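Novice: Pasting a structure here, questions to come.
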Amino acid sequence: APTLAISDATLVEGTFGSSSMVFTVTLTPASGQVVRVTYATANNTAVEPGDYTSSAGQANFVPPANTIDLINIPINGDTLNEPDETFFVNLLAVTQGSAIIGDGQGSGTIINDDPLPTVQFSNPDYTVNEAGGTAAITATLSAASGRPITVTASSTLSGTATPVVDYTPVTTQLTFPPGATTAPFNVTIQDDIFFEGNETVILDLSNPVNATLGSPPTATLTILD
């Protein structure tokens with residue numbers, strides 16, 4: 001009996017709307033009778049309906065020379081930076097004619113085309129009253145991502161403020177789960193009875209993972225005396 005097989009396929013994701021990924025189903029050799037085989041998509045790391053449109057149907061082969069049929073699966077573009085993702089198109093059952101299913105699973109790879117987002121402070125300058133206890137600082141992403149993002153935030157670079165005496169130096173890893181665009185951290189301020197004028201602490205971002213450093217990667221925290 002003739003053998004049915006389905007190809008793998010790839011497509012660059014695109015940004016908005018949908019485009020079609022094309023899988024080729026072949027019948028080898030040609031048959032003297034009509035052959036029909038059902039198919040359906042299945043999730044892998046790509047998930048419908050966000051990444052692609054779930055589809056099911058039938059591939060048809062009509063003699064004498066029809067040995068190829070094409071399956072078009074809509075792919076849904078987005079603006080998330082994410083790993084390349086895959087889904088499957090499975091040949092399920094021969095519903096007409098005589099044929100066997102050989103390679104019955106096609107793997108579809110959606111190629112990411114979105115750049116890494118940038119990570120930076122929400123402002124280049126922050127202020128806090130010396131008696132305020134803590135300064136709330138926020139790191140932001142230029143766009144939401146489909147990947148988890150981490151970056152090291154620190155207040156260990158001295159401005160005019162004295163570490164330990166005026167503030168508690170901190171180095172911490174900030175995490176942005178997929179879809180998040182902000183991550184907070186705090187700098188603890190030490191109050192005293194001395195008049196010393198306003199003082200500054202330099203804040204720093206470094207070692208981004210799944211992102212690049214944007215502007216500003218540093219910021220100034222002013223402690224108001």
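The values are calculated or read from the model by the stated rules, or taken from the named source; none is laboratory data. For clarity, every value in this text was computed on a predicted model and none was experimentally measured. Positions of Cβ are generated from backbone atoms using ideal geometry, with glycine treated the same way; all protein chains shown enter the neighbour counts. Accessible surface areas use protein heavy atoms only, side chains included; no ligands, DNA or RNA. Shrake-Rupley method; radii C 1.70, N 1.55, O 1.52, S 1.80 Å.
Novice: Using only Cα atoms, what Kirkwood radius does region 90-133 have, in angstroms? If you can, show how the numbers build up before the last one.
Specialist: Details: mean 1/r = 0.0566 Å⁻¹.
In region 90-133 this quantity evaluates to 17.7 Å.
Novice: Ok, one more. Quick one: Cα centre-to-centre distance for region 211-225 and region 1-71, in angstrom?
Specialist: Each part reduced to its Cα centre gives a spacing of 52 Å.
Novice: In region 118-224, which chymotrypsin sites (Phe, Trp or Tyr not before Pro) are in a loop and have at most 16 other Cβ atoms within 10 Å, using DSSP for the loop call?
Specialist: PHE194, PHE195
Novice: Give the shape of the chain as rounded, prolate or oblate, defined through the alpha-carbon gyration tensor: a ≥ b ≥ c are the square roots of its eigenvalues, a/c under 1.5 means rounded, and otherwise the shape is prolate if a/b is larger than b/c and oblate if not.
Specialist: Taking the square roots of the gyration eigenvalues as a ≥ b ≥ c, the chain is prolate.
Novice: If I compute solvent accessible area with a 1.4 Å probe over the protein chains, what percent of it on the chain is carbon and sulfur?
Specialist: Carbon with sulfur: 55 percent of the solvent-accessible area.
Novice: What residue among THR222, ALA131, ALA30 has its Cα farthest toward the positive end of the dipole of the chain, where the charges are +1 on Lys, Arg and -1 on Asp, Glu, each on the Cβ?
Specialist: Checked the options; the winner is ALA30.
Novice: Right, here's the next one. Given charges of +1 on the Cβ of Lys and Arg and -1 on the Cβ of Asp and Glu, with all other atoms neutral, how large is the dipole of the chain about its Cα centre, in debye to the nearest 20? Kindly include the intermediate steps, with their values, before the conclusion.
Specialist: Values: 2 positive and 21 negative charges, 246 e Å.
My answer is approximately 1180 debye.
Novice: May I pose another question? Report the far tail of the P(r) of region 1-93, meaning the percent of Cα-Cα pairs longer than 16 Å.
Specialist: Beyond 16 Å sits 56 percent of the P(r) for region 1-93.
Novice: Using alpha-carbon pairs under 8 Å, 6+ residues apart, how would you state the relative contact order of the chain in percent?
Specialist: About 21 percent, as a whole number.
Novice: Related question: Mind pulling up the Rg/Rh value for region 25-143? Radius of gyration and Kirkwood radius, both on Cα.
Specialist: Over the Cα atoms of region 25-143, Rg/Rh equals 1.37.
Novice: Could you give the C-alpha radius of gyration of region 138-225 expressed as a fraction of 2.2 N^0.38 Å, taking N as the number of residues it contains? List each step's numbers first, then the result.
Specialist: On the way: Rg = 14.7 Å, N = 88, 2.2 N^0.38 = 12.1 Å.
Expressed relative to 2.2 N^0.38 Å, the Cα Rg reads 1.22.
Novice: May I pose another question? More than 18 Å apart: what percent of Cα pairs in region 41-98 qualify? Show your work: numbers first, answer last.
Specialist: Details: 761 of 1653 pairs.
Roughly 46 percent, once rounded to a whole number.
Novice: A follow-up question, please. For region 59-120, what's the relative contact order in percent, using C-alpha pairs closer than 8 Å and at least 6 residues apart?
Specialist: 34
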